[in-house]
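In what follows, a structure is listed as structure tokens, so that the remarks can point back to it.
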Amino acid sequence: MELTTEVVSGFVNACLIKNFDSATEIPAFHKELWKYCCHKEKFVAVAAPRGHGKSTAVTYAYLLAEVLFRKSRYVLIVSDSFSQAGLFLGDVIKELRDNEDIHGLVRLSL
């Protein structure tokens, strides 16, 4: 399966959005970020002010989709500090360990 904006959006709606603070629907900006992440170009850069959810959309949601849909065997989390990257990693690990919707998704794919 090809990873597209629609696939990532579906994954987020099915497995992640209920755990986001005050989430009602996926922001258009996050869908735009996923469009760039899913693009055929190998290198893509995105910039936006703090508070726009770049980390949530890319380092968290897209990374989980990338791994769970087996597009990448390995991922690299790059942040402004080791501790910040560690916090992102901790969030991803917690989601993989505790999210029953993800567990159901993985069982379906086996």
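Tabulated values for the structure
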| item | result |
| --- | --- |
| Odd one out for Gly53, checked against (1) of a type outside the set (A, V, I, L, M, F, W, C); (2) at positive phi; (3) surrounded by fewer than 13 Cβ atoms within 10 Å (Cβ to Cβ) | (3) |
| Any hit, segment 22-38, residues being assigned to a helix (DSSP H, G or I) and touching a Gly at 6+ places or on another chain (Cβ under 8 Å) | yes |
| Filtered residues of segment 84-102 (kept if more than 19 Å from Phe20 (Cβ to Cβ) and either at pLDDT 95 or above or loosely packed, with under 14 Cβ neighbours inside 10 Å (or both)) | Gly86 |
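The values are calculated or read from the model by the stated rules, or taken from the named source; none is laboratory data. Fair warning: this is a prediction, and the values are worked out from it, not measured in the lab. All Cβ positions, even for glycine, are placed from backbone atoms using ideal geometry, and neighbour counts span all protein chains on display.
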